[in-house]
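Only one structure is covered here, and it is reproduced in the block below.
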Amino acid sequence: MTEQQALFEYLLRLGDSGTILSQRLCEWIGNAPALEEELAIGNVALDLLGQARAWLEYAAEVEGAGRDADALAFLRHEREYRNLLIVEQANGNFADTMARQYLFDAWHYFMLQALCTSADERIAAIAAKGLKEVTYHLRRSSAWVKRLGDGTEESHAKMQDAIDEIWTYSGEMLIGDEADQLLLEAGIGADLEQVKQQWQAHVTATLAEATLTQPAEDSYMQTGGKQGYHTEQLGFLLAEMQYLPRAYPGASW
Amino acid sequence: MVQQHDSNLIATDRRWPEGTRPSTDEIWHLLEEVPDPEVPVVNVVELGIVRELAWNGDILEVTLTPTYSGCPATHFIEEEIGAALNRAGLANHRLKQRLAPAWTTDWITDAAREKLRAFGIAPPQGSASKRSLLGEDPEVTCPQCGSTHTEQVSEFGSTACKALYRCKECLEPFDYFKCI
Ligand SMILES: [Zn+2]
């Protein structure tokens, strides 16, 4: 794997994770439990999509194959997607969505923080901009985990179930592969060992405050999303997300 | 978003005689007439979106820094700025996007903050330091009655840049332009 190939993979992982989570969150529009939550979810989704655009535009340039960010987002097949498995999981109930969001936000926050000092100036700039937005995302999702966890008997039970369910998808974002290693050595990528420690400290503190039980450290972790092996959830999501640009190529309004 | 382009065929707002070139100061003033599409009481210059103006030979280079990554107004603002330059006879321009340093509410001028307040939007309080991002919620003053007896309803408001607040004194809800 060359550095250019690794960089392309790396940018796709960041961009695809944002795109897919954004698409998932949009499924709440019209269904959120309260108007304020609908606005918040919509705003978070918009931030993620904006960041994804910046990552995918850069990915398209690095690839240099004449594809643009739209082609990457809307005209690739499932196996070509490099998003984390956690972001493609179904919304479930509100606790499920917030548990997924929190575990992702905590990773995203420390990841972008690390990328702010990337030797690649473009990556550092996109990360610095995104970090400001993700700071608000993390504040909100950790507040919801605590509020529901340390809430009523029912909300506590639902949040505990949600954490237990999504936990198996939380390991992948902290496990590096060849592309991660190559870019770490080049001073471009994040040190996932460091991100892992920061993530674990944040999650442990938040779950404790939420009076929730943290799943066992040696729990089985699902992996593969970063390499293009997805759960069955992604295909259905893409079918909906890509329908319009595939049915009406070049459509604009 | 529906865009309305000027349909004037021979009328023009051209301000400078053919062959003369305005100074960057004059162009700054021109761009002060371009309103933010979502909060039209403030313009794109006082929001800190226009970062730099420079002549590169015959081409005017305009450097812009977008506010939020996903702000749907970003593209619209670029078009409005381009249209304003075209109308003034400065068709030979290039818009450049600069991401770093990232846009911050610290760049919003004091005059713009006052306009926001008068419009009913509480302007960002203090600077966008780490402390105000991660720390306690800031003390936000109600733009209607001036009371600091307010509470946050939601971290996110009608647009990405705003949070939703409520005044416990006059009971009015209002938007707060949050620090980033
Ligand atoms: Zn008031």
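Summary of computed values
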{"read-out": "Verdict on A:Asp177 being more than 22 Å from A:Phe94 (Cβ to Cβ) and surrounded by 12 or more Cβ atoms within 10 Å (Cβ to Cβ)", "value": "yes"}
{"read-out": "Qualifying residues in segment A:27-46 (those that are over 20 Å from the mean Cα position of the chain (by Cα) and assigned to a helix (DSSP H, G or I)) - the one farthest from the other protein chains (Cβ to nearest Cβ)", "value": "A:Leu35"}
{"read-out": "Residues (part of a loop (DSSP other than H, G, I, E, B) and either within 17 Å of the chain's Cα centre (by Cα) or at pLDDT below 95 (or both)) located in segment A:196-247", "value": "A:Ala216, A:Glu217, A:Asp218, A:Ser219, A:Met221, A:Gln222, A:Thr223, A:Gly224, A:Gly228, A:Tyr229, A:His230, A:Thr231"}
{"read-out": "Count - residues of segment A:114-125 that are open to solvent by 10 Å² or more (accessible area, probe 1.4 Å), in contact (Cβ under 8 Å) with a residue 40 or more places away in the chain and either more than 9 Å from chain B (Cβ to nearest Cβ) or closer than 17 Å to B:Ala160 by Cα (or both)", "value": "4"}
{"read-out": "Subset of segment B:158-180 [assigned to a loop (DSSP other than H, G, I, E, B) and within 12 Å of the ligand (Cβ to nearest atom)]", "value": "B:Lys168, B:Glu169, B:Cys170, B:Leu171, B:Glu172"}
{"read-out": "Criterion (of a type in the set (A, V, I, L, M), buried (at least 21 other Cβ atoms within 10 Å of the Cβ) and either within 20 Å of the chain's Cα centre (by Cα) or modelled with pLDDT of 90 or more (or both)) met by exactly one of B:Ala112, B:Ala128, B:Ala118", "value": "B:Ala112"}
{"read-out": "First in segment B:167-180 and in contact (Cβ under 8 Å) with a residue 24 or more places away in the chain and open to solvent by 90 Å² or more (accessible area, probe 1.4 Å), second anywhere and near the ligand (Cβ under 8 Å from one of its atoms) and of a type in the set (A, V, I, L, M, F, W, C), Cβ under 6 Å, 6 or more apart", "value": "B:Glu169/B:Cys145"}
{"read-out": "Restricting segment B:38-94 to residues that are touching a residue at least 12 places away in the same chain (Cβ under 8 Å), assigned to a helix (DSSP H, G or I) and open to solvent by 20 Å² or more (accessible area, probe 1.4 Å), the residue that is farthest from B:Ile27 (Cα to Cα)", "value": "B:Phe76"}
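The values are calculated or read from the model by the stated rules, or taken from the named source; none is laboratory data. The shown structure was predicted, so the numbers you read here are calculated from the model rather than taken from an experiment. Glycine also receives a Cβ, built like all others from the backbone with ideal geometry; neighbour counts cover every protein chain displayed. Note: areas computed on protein heavy atoms with side chains; ligands, DNA, RNA excluded. Shrake-Rupley method; radii C 1.70, N 1.55, O 1.52, S 1.80 Å.
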